[in-house]
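Undergrad: Dumping the structure here so I can ask a few things about it.
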């Protein structure tokens, strides 16, 4: 997949993801894999969830249909999160606002 196509998919994904994940900001991107034949990207993010603590969630964004699919979450030990927290977040926030999130 060309870098141009990846950039296009990322831009569409970022617009879609912000609607949903900004309530959990700060959010860190852990991994992303582009799926060549599907015009989509699968990615893992990490954030602090108000009910569960630190979680890693997997999503797939289908750029053709502009749909974000949730593919599950796993709990993380706080020790696992330290290294990522030293990096700039994918979605940032001045304050941790997950307390006001809807909990989904």
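The values are calculated or read from the model by the stated rules, or taken from the named source; none is laboratory data. Here the structure is a predicted model, which is why all the values come from computation and not from measurement. Don't worry about glycine lacking a Cβ; one is built from the backbone with ideal geometry, like all the others, and counts go over all protein chains shown.
Undergrad: Could you list, in sequence order, all residues of region 77-104 that are at pLDDT 90 or above and surrounded by 15 or more Cβ atoms within 10 Å (Cβ to Cβ)?
TA: Once the filter is applied, which keeps residues that are at pLDDT 90 or above and surrounded by 15 or more Cβ atoms within 10 Å (Cβ to Cβ), region 77-104 yields 81, 84, 89, 90, 91.
Undergrad: Name the pairs whose Cβ atoms lie under 8 Å apart, with the first residue in region 45-71 and over 17 Å from residue 93 (Cβ atoms), the second part of a loop (DSSP other than H, G, I, E, B), and 6 or more positions between them or separate chains?
TA: 51/103; 53/76; 56/76; 62/39; 63/39; 64/39
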